[in-house]
There are 2 protein chains.
Amino acid sequence: MDVTKYNFYEELESILEAIEGSTFLSIDGEFTGLDAEGSCHIAPFDTPPERYSKMKNGSTDFLLLQFGLCAFKVDEEKHLYEAKPYNFYLFPSQSHRNAPDKRFMCQSSSIDFLVSHGFDFNKVFREGIPYLTSQQEHEMKSFLEQKHSEQNNQSFTVMEVPENQREFLEGICEKINTFMEEDDAEPLEIKDCNGLQRKLIYQTVEEKYPLARLETRTGEKKERYLILHGAKDAEELAKIDRERQAQQMMELDIQVGFTKVIQAITKSEKLVVGHNMILDILHCMSHFYGPLPNDLEDFKSITSTVFPKLIDTKLMANTPPLKEFIELSSLGEMHQTLQSKPFNPVIIKVAPGFEKYSEEASSLHEAGFDAFMTGSCFATMCKFLGDCQKPVTDFLLPSSPVIKAFVNKLYLMRIADIQYVTLDGPDLEVNRDHVFHVTFPKEWRASDLYTLFEPYGNIQISWLSNISAYVGLHNKKNSKIAFEVLSKENHSFQVTSYAFHHRNKTLKLST
Amino acid sequence: MDVTKYNFYEELESILEAIEGSTFLSIDGEFTGLDAEGSCHIAPFDTPPERYSKMKNGSTDFLLLQFGLCAFKVDEEKHLYEAKPYNFYLFPSQSHRNAPDKRFMCQSSSIDFLVSHGFDFNKVFREGIPYLTSQQEHEMKSFLEQKHSEQNNQSFTVMEVPENQREFLEGICEKINTFMEEDDAEPLEIKDCNGLQRKLIYQTVEEKYPLARLETRTGEKKERYLILHGAKDAEELAKIDRERQAQQMMELDIQVGFTKVIQAITKSEKLVVGHNMILDILHCMSHFYGPLPNDLEDFKSITSTVFPKLIDTKLMANTPPLKEFIELSSLGEMHQTLQSKPFNPVIIKVAPGFEKYSEEASSLHEAGFDAFMTGSCFATMCKFLGDCQKPVTDFLLPSSPVIKAFVNKLYLMRIADIQYVTLDGPDLEVNRDHVFHVTFPKEWRASDLYTLFEPYGNIQISWLSNISAYVGLHNKKNSKIAFEVLSKENHSFQVTSYAFHHRNKTLKLST
Ligand SMILES: Nc1nc2c(ncn2[C@@H]2O[C@H](COP(=O)(O)OP(=O)(O)O)[C@@H](O)[C@H]2O)c(=O)[nH]1
Ligand SMILES: Nc1nc2c(ncn2[C@@H]2O[C@H](COP(=O)(O)OP(=O)(O)O)[C@@H](O)[C@H]2O)c(=O)[nH]1
């Protein structure tokens, strides 16, 4: 089901119910870009903190345009799930006048990619649901509350009316007199006055019209103008104030928009499943929670407060026994693989009203569909793991201890020896004795490195600059001899151990 | 006429003819945003270099999505113009594999604005014409030329084939043997090899297959693979090389795309008219010429090489005698005003094939339409200025000396005393003795400043921070006495002259 700002409030209740009633949730996001210009590329010998920092710096200026959420509810008797896939269009337009005018980055290749998969940019920009980070929401709420409690208690210095403003002010007062005498008049608009004149009008109204209430508004062309409300008595005046305050609180609530869905996920404490989901989680945190911290451990701790239970299906697919049967673990290919032997796809019934997606009619790269696919892969993988148990568990549920091994581990792409970051604990320490840091003349190419390491077998190169690289030996047994030979010689190149170089780098960063 | 990448090459010839044959051109742009987060806002006491620097820093990360160009050709006998309005959709998708993957910024409020005026984002992202700056074009061209001249002269070190790659290489060689024996076979694709394997294939082919030619390509998933071309003899091999080089040059040419239109405008040396056009010119220069220089004087000199003759209709509208009759100088309102007395709108005939716009069917804020409107306002203003001459010039042309006074002056918004920046000369020096720099406690509000300056009449405040502002007296006669009184006293606030503060600021910047 597509959800835009036009049907969001209509559907919100049932969305929250679907979350509450689910066995597990799956999510997916579509973004305006993947890596910022000049940001460091992810590399095979990144450590988890390095990877986090690269992804944080490279991705958080981009926008999350589409959020897919699919609620899966198990039918334990029939051994099937009912799915409710939602495809949310998101855009931070300024529905609320104090809302931030968000600047965001786009990457041409990502826009090309979305366009080629039929993404509707007009729809997302026109009908996207707004959102605020929890931090912004709290700030704006306290700001409003303070303003409301201060109402009538603000102390503005009273100034003498300058000679050349007297006539102007008299004209305004005449208008106000007429207005206050009318019954049930529409609020009076006072346009075309500068800041000085607005100040004079404010102080005049406060002095002479105890039953009137002024407010400053901003027009279409960013011009400021005044609105005057009139009351018959103190009681009506209090009512006007209450209504205005309620109106402002409601506008804030509308701007909070989609963030309510994330808050409901948090509250539900449900298991949230994603495919290669670290980027989705970074975006969720920075769009709906607040700016990402610099430190990975801080990121872990705030993420656990928002998403207490996460599972990454890409990690499952790359872990035995599933790994042995899943060669290609991109979402589409993995889903394809899970349709046939040795796998036995779990039946997913799309709930009535959610017919937009069926597993046949592929809308790959639409967030709602990808979330739906991810969840259905997850169900099938759980079932397969059940079949692998001794004795066989007939229809293994996500709550099983077998699945627990995957909870709160996010897959790290293209790192051979550290497959995941652990959200609820310390990360793995690995041995990288087979990796060397090499510096060389800038004329060197890959082939020179291949030649240098040729006696020790095949290598993996990870360029750090045009004069340095990490080089990993495929054949770890050769590590010692390679290091002994290459580190001793004093040539145009220099070889040090990974550990030595990494320690120095970390030392440099922390001083 | 809408121009996208689908009809650009079909129309290019006639676009270039329309430019060459025009009396003058008018332009307009639509952008993804106006001012970057944290960039300084334009302010009433900016100097031209300050304003340039604020606009440069605030605007160049945004994208120019739509470029309006209207060619006007006079019919001197009939006293009318024929107009050819073009509305170009622009987008830097990567048609060429070496083209930059451009990152760009968007501003929510600008997206909201475009959406509310019916802007079609799907069309611009899907059908936009690519472009390159002249700098990028030259770099890419020299890169290709060098690559082509080096062909076959590159020196790659030959490495011994590692044990575990022998079998793989033999398999490849078998494939190549079969392929080379076939007649007129399609080029052979060699997929799924890593960098080492590609190197081994390259050196094997160079050694063993003198009539074969390899190239590396990048697939959809960014994976690298090889293509092998086979020739019957040296002559055919040379032909393959020539074709590949021609193909690469053509791909570059396609990526240059819309920049050809700008280059034609430069070559034509035609007068280019815009409305409040400084931002349009900044974007044109940074999109089609190269990164904007830091210094205003450098900007002036490169701009003159691209657009030798510019006129800003907003400056005309704010200069007597037009100023007396044009109260509101935004494009739509100005156009409205120019339809009736004392003005006498010039007849604009839309050329056959360009019927998309008529002056009635408003498409305000579509770049092609705004360019069309701007040019037609310009024609009517010229005519009005002719009517003001003594003796009257019946149908004053843009080439008249009367119009010369406006050439190469770009309007500066919201600066009272410096109306424009002069592109072909030094800027005006102005007296700002009536302006003061004031620092004060952070509790101060506007009202405190009004109170402080109350004895000297109305003021204009330009906030610099929460503890400082420029304050301008409306009544300049009071400047001396205000300065004497306020600068002497040693209070919680401090008042210095504008000149003193500005000199210090400039000194600080240059050291
Ligand atoms: N007496 C009084 N003055 C006010 C009040 N609100 C704003 N002002 C003053 O009126 C002037 C104009 O304020 P406002 O209309 O909010 O526009 P702004 O200055 O652009 O924010 C400022 O000098 C404020 O200090 C008020 O409630 N009472
Ligand atoms: N002998 C030879 N080696 C090449 C040639 N072009 C590339 N190579 C080598 O082949 C390897 C793979 O290069 P390439 O396929 O361009 O992929 P890249 O390394 O990802 O840029 C590198 O080690 C290059 O040095 C060539 O024309 N001749």
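Annotations for the structure displayed:
- Which numbered condition residue B:211 misses (of (1) touching a strand residue (DSSP E or B) at 6+ places or on another chain (Cβ under 8 Å); (2) within 30 Å of residue B:139 (Cα to Cα); (3) not acidic (Asp, Glu)): (2)
- For the range B:2-38, the set of residues classified as modelled with pLDDT under 95 and open to solvent by 20 Å² or more (accessible area, probe 1.4 Å) consists of B:34, B:35, B:37, B:38, listed by residue number.
- Counted residues, the range B:312-332 - those being more than 29 Å from residue B:78 (Cβ to Cβ) and open to solvent by 40 Å² or more (accessible area, probe 1.4 Å): 6
- Checklist (1) within 14 Å of chain A (Cβ to nearest Cβ); (2) within 30 Å of residue B:386 (Cβ to Cβ); (3) part of a helix (DSSP H, G or I) applied to residue B:453, failing item: (2)
- Index of the failed condition, residue B:245 passing every other in (1) away from ligand 2 (no atom under 16 Å from the Cβ); (2) within 38 Å of the chain's Cα centre (by Cα): (1)
- Of residues in the range A:6-30 being within 14 Å of residue A:87 (Cα to Cα) and in a strand (DSSP E or B), the one farthest from the other protein chains (Cβ to nearest Cβ): A:25
- Qualifying residue in the range B:88-101 (condition: within 19 Å of the chain's Cα centre (by Cα), within 12 Å of another protein chain (Cβ to nearest Cβ) and open to solvent by 40 Å² or more (accessible area, probe 1.4 Å)): yes
- Every residue from the range B:446-464 that is surrounded by fewer than 20 Cβ atoms within 10 Å (Cβ to Cβ) and under 16 Å from residue B:492 (Cβ atoms): B:447, B:448, B:451
- Looking across the range A:173-201, the residues that are more than 14 Å from chain B (Cβ to nearest Cβ) and acidic (Asp, Glu) come down to A:174, A:181, A:182, A:183, A:184, A:186, A:189.
- Those helices (runs of 4 or more DSSP H) lying entirely in the range B:207-311 with at least 3 residues open to solvent by 60 Å² or more (accessible area, probe 1.4 Å) and not aromatic (Phe, Trp, Tyr): B:234-256, B:296-306
- Pairs are defined by a Cβ separation below 6 Å, a sequence spacing of at least 6 or placement on different chains, a first member in the range B:384-397 that is within 16 Å of residue B:76 (Cα to Cα), and a second member that is loosely packed, with under 15 Cβ neighbours inside 10 Å; the pairs so defined are B:395/B:79.
- Residue pairs meeting the criteria (Cβ under 6 Å; at least 6 apart or on separate chains; first free of Cβ contacts under 8 Å to residues at least 40 places away in the same chain and of a type in the set (Val, Ile, Thr), in the range A:225-245; second open to solvent by less than 40 Å² (accessible area, probe 1.4 Å) and away from ligand 2 (no atom under 16 Å from the Cβ)): A:240/A:213; A:240/A:229; A:240/A:231
- If you filter the range B:183-205 down to residues that are at pLDDT below 90 and charged (D, E, K, R), you find that the one that is farthest from residue B:223 (Cα to Cα) is B:183.
- Test: residue in the range B:365-377 that is in a loop (DSSP other than H, G, I, E, B) and surrounded by fewer than 13 Cβ atoms within 10 Å (Cβ to Cβ): no
- Taken as a whole, the range A:270-289 holds at least one residue that is hydrophobic (A, V, I, L, M, F, W, C), in contact with an Asp or Glu (Cβ under 7 Å, 6 or more places away or on another chain) and assigned by TED's automatic domain parsing to the domain that holds residue A:62.
- Checked against (1) over 16 Å from residue A:454 (Cβ atoms); (2) open to solvent by less than 60 Å² (accessible area, probe 1.4 Å); (3) within 9 Å of ligand 2 (Cβ to nearest atom), residue B:195 passes all but a single condition, namely (1).
- When the range A:382-439 is filtered for residues that are buried (at least 18 other Cβ atoms within 10 Å of the Cβ) and part of a helix (DSSP H, G or I), the ones remaining, listed by number, are A:382, A:383, A:384, A:385, A:403.
- Odd one out for residue A:56, checked against (1) of a type outside the set (Gly, Ala, Ser); (2) more than 14 Å from chain B (Cβ to nearest Cβ); (3) open to solvent by 50 Å² or more (accessible area, probe 1.4 Å): (3)
So that you can scan it fast, the table gives a plain yes or no per residue for (1) among the acidic types (Asp, Glu); (2) touching a residue at least 60 places away in the same chain (Cβ under 8 Å):
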residue	(1), (2)
A:31	no, yes
A:39	no, no
A:44	no, yes
A:51	no, yes
A:56	no, yes
A:64	no, yes
A:103	no, no
A:107	no, yes
A:112	yes, no
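- Scanning the range A:127-172 for residues that are more than 16 Å from ligand 1 (Cβ to nearest atom), more than 42 Å from the chain's Cα centre (by Cα), away from chain B (no Cβ under 14 Å) and open to solvent by less than 100 Å² (accessible area, probe 1.4 Å) yields one hit, A:171.
- Residue check, residue A:488 more than 16 Å from ligand 1 (Cβ to nearest atom), at pLDDT below 90, open to solvent by 30 Å² or more (accessible area, probe 1.4 Å) and not polar (S, T, N, Q): yes
- For beta carbons closer than 6 Å, sequence separation of 6+ or different chains, a first residue in the range B:420-448 that is within 27 Å of residue B:466 (Cβ to Cβ) and within 16 Å of ligand 1 (Cβ to nearest atom) and a second that is modelled with pLDDT under 90 and part of a helix (DSSP H, G or I), the qualifying pairs are B:446/A:195; B:447/A:199.
- One residue stands out in the range B:183-192 among those that are part of a loop (DSSP other than H, G, I, E, B) and in contact (Cβ under 8 Å) with a residue 24 or more places away in the chain: the one that is least open to solvent (accessible area, probe 1.4 Å), namely B:185.
- The set of residues in the range A:104-122 that are within 16 Å of residue A:29 (Cα to Cα), facing chain B (nearest Cβ under 9 Å) and open to solvent by 50 Å² or more (accessible area, probe 1.4 Å) contains only A:120.
The values are calculated or read from the model by the stated rules, or taken from the named source; none is laboratory data. Fair warning: this is a prediction, and the values are worked out from it, not measured in the lab. When we count neighbours, we look across all protein chains shown, and the Cβ atoms used for this are built from the backbone with ideal geometry, even at glycine. Ligands, DNA and RNA are stripped out before the accessible areas are found, and what is left, the full protein with its side chains, is counted by its heavy atoms. Shrake-Rupley method; radii C 1.70, N 1.55, O 1.52, S 1.80 Å.
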